[in-house]
Amino acid sequence: MKVAVYWGCVIPTIQYGYEMSVRAVMPRLGVELVDLDNVSCCGTPVQSVNMPAAIYLAARNLAIAEKTGLTNLLLPCNGCYLSLSEAKHFLSYDEKLKEKVNTLLKEENLQYEGSIKIWHTLNLLHDLVKEEKIRETVRHPLNGLKLAVHYGCHILRPSTLQTVDAPENPRKMDNLIGWLGAKSMPYPEKLDCCGAMLLLSHPDAAFTFSGLKLKTVQDWGADALVVSCPSCQMMFDMRQKSVGATIGAKLSIPVLYYSQLLGIAMGIETEKLGLHLNRSPVDDLLRKTGLISTAASP
Amino acid sequence: MPIKARATIPISMSITDLTTTKKPDTALRLKIIAKIGEQKPYNCFQCIRCTSGCPSMKMLELKPHEIVNLARLGFIEELLTSGILWTCATCLKCKERCPQAVAPVDLIFALRNLAVEKEVKVPESFLLSLSAILENGFIQKPQNTVTRKLERVNREKLGLPKFREPDEKFKAAFFKVLEQSQEE
Ligand code: SF4
Ligand code: SF4
């Protein structure tokens, strides 16, 4: 199955571990990724400044994806998923807006139809690839692992859009973890926001959001926190030290993408999954899987 | 850019006595209502459900129900200059949970857009992303990074395909989009 893929800004310019792991696991599941040419930012970063420009950017990327003639488009980033699904929604009922956007797109010989179906990594795996196929590819079941999941706000809400999972009680990532043999741990702070969108205006508050969540996950005794959004990963993994310093706690909890976890269960080399790029102590987790008994300490 | 070095905006609004000391602005009120989509602030019945689940309320004293109330009364200037608009974490819980389908977060974004239009108190970093996109098509170019063992790596070293920026035509088209949105 061929699926178009749009990576956005954050993944291909700094969150390489997400891109590497998605590229590594998809072929094993029978998904051939088709990269898009000439795409740009999804629009999320300019929503606060100029909403019409944000909608234009989202529609432009969708129009480029439609040109491939493929049925499905994968958006691994939560921010891109929200921006593109929001634009799709506005353009589905506002004919005038659609006309305006298409007049602007003509400059580049593009046209937005609204024909391509969008997916996030989580629902693509859960609803399109499905359980049987995923279970089939597991070579090293992750039995005994107790994991906390973090979905990220922008794929769950608002339910006026086509969301990836149920807004108040999402289950798909929990299921996906179960299919690998691990346990998803229920915890009350599961839906708490990472705070990344406050980084530009109130960094200390942003760090506190992340810190409090990491602290509870650590205190509940999770072996790792599993995420699916590059912005959340940057808060929880890349900035874990500063986040801990902000709330005055010693944080030492492995954080990784679901696609990296899936790759581990498939038995893919950890460097191919970009796990050497995670800043949080993922070696602790790797040792627990029993796969990498000699995993060197950082 | 180190995060800590970025300027933060002080929150300097005392919302409660606005209604007794200031005059509402009807024209701006209509302008802001036109900017938001289906969810209209006049349907709000001040049940405070939005604020009770707002993570920024605990941390930064953001009260989405008050924003909705002030906007529908027409105290737009005051909202624009207060700095409070930039405390929203965009978690979308208020939009999801409002029983009246109001969407305070959409209103906050419309107000931010208006603050930019009127050139009042916008955190500079928000404007920087716009110029970066005009320049590169994305908010940044691929960055060098290090592994946990402190090895320097980039896309090529990691075996990732070459990163492609959009061509010159995109920049011209996007510039036109920005020009046009200013005229409206
Ligand atoms: S939840 Fe909706 S109706 Fe209730 S106060 Fe907030 S905006 Fe108003
Ligand atoms: S979207 Fe903003 S205003 Fe709404 S609940 Fe979240 S932080 Fe509060």
Filtered residue count, region A:127-162, keeping only those that are within 14 Å of another protein chain (Cβ to nearest Cβ) and either crowded, with 23+ Cβ neighbours inside 10 Å or free of Cβ contacts under 8 Å to residues at least 12 places away in the same chain (or both): 10
Residue identified as crowded, with 17+ Cβ neighbours inside 10 Å and either more than 9 Å from ligand 2 (Cβ to nearest atom) or in contact (Cβ under 8 Å) with a residue 60 or more places away in the chain (or both) among B:Glu78, B:Glu61, B:Glu38: B:Glu78
Some residue of region B:111-128 being within 16 Å of ligand 1 (Cβ to nearest atom), at pLDDT 95 or above, in contact with a helix residue (DSSP H, G or I) (Cβ under 9 Å, 6 or more places away or on another chain) and more than 7 Å from chain A (Cβ to nearest Cβ): yes
Flag if A:Leu261 is under 21 Å from A:Trp179 (Cβ atoms) and part of a helix (DSSP H, G or I): yes
Hey, B:Glu156 exposed (fewer than 13 other Cβ atoms within 10 Å of the Cβ), more than 8 Å from chain A (Cβ to nearest Cβ) and not in a loop (DSSP other than H, G, I, E, B) or not: no
Identity of the residue in region A:1-60, more than 26 Å from A:Ser115 (Cβ to Cβ) and more than 7 Å from chain B (Cβ to nearest Cβ), that ends up surrounded by the fewest Cβ atoms within 10 Å (Cβ to Cβ): A:Arg28
Hits in region B:91-100 (condition: closer than 23 Å to B:Ala115 by Cα, part of a helix (DSSP H, G or I) and within 8 Å of chain A (Cβ to nearest Cβ)): B:Lys95
Extreme residue, farthest from A:Ala53 (Cα to Cα), among residues of region B:156-175 that are touching a residue at least 12 places away in the same chain (Cβ under 8 Å) and out of contact with any helix residue (DSSP H, G or I) (no Cβ under 7 Å at 6 or more places or on another chain): B:Pro166
Residues located in region A:247-265, provided they are crowded, with 19+ Cβ neighbours inside 10 Å and over 18 Å from the mean Cα position of the chain (by Cα): A:Leu251, A:Ile253, A:Ala265
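Listed here are the residues, each with its yes/no results for (1) in contact (Cβ under 8 Å) with a residue 24 or more places away in the chain; (2) part of a loop (DSSP other than H, G, I, E, B); (3) within 14 Å of ligand 2 (Cβ to nearest atom).
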position	(1), (2), (3)
B:Gln46	no, yes, no
B:His65	yes, no, yes
B:Ala89	yes, yes, yes
B:Val102	yes, yes, yes
B:Lys121	yes, yes, no
B:Leu127	no, no, no
B:Leu134	yes, no, no
Enumeration of residues in region B:67-86 that are within 14 Å of chain A (Cβ to nearest Cβ), in a helix (DSSP H, G or I) and away from ligand 1 (no atom under 16 Å from the Cβ): B:Leu80, B:Ser82, B:Trp86
Any hit, region B:171-184, residues being in contact with a Ser or Thr (Cβ under 9 Å, 6 or more places away or on another chain), at the interface with chain A (Cβ under 7 Å from one of its Cβ atoms) and either surrounded by 13 or more Cβ atoms within 10 Å (Cβ to Cβ) or within 24 Å of A:Leu199 (Cβ to Cβ) (or both): no
Flag for B:Ser125 being within 14 Å of the chain's Cα centre (by Cα) and not hydrophobic (A, V, I, L, M, F, W, C): yes
Verdict on A:Asp192 being touching a Phe, Trp or Tyr at 6+ places or on another chain (Cβ under 9 Å) and either outside the structural domain of A:Lys117 (by TED's automatic domain parsing) or within 30 Å of A:Val49 (Cα to Cα) (or both): yes
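The values are calculated or read from the model by the stated rules, or taken from the named source; none is laboratory data. Note that this is a predicted model, so its numbers are computed, not measured. So basically every Cβ, Gly included, is an ideal-geometry build from the backbone, and we count neighbours across all protein chains shown.
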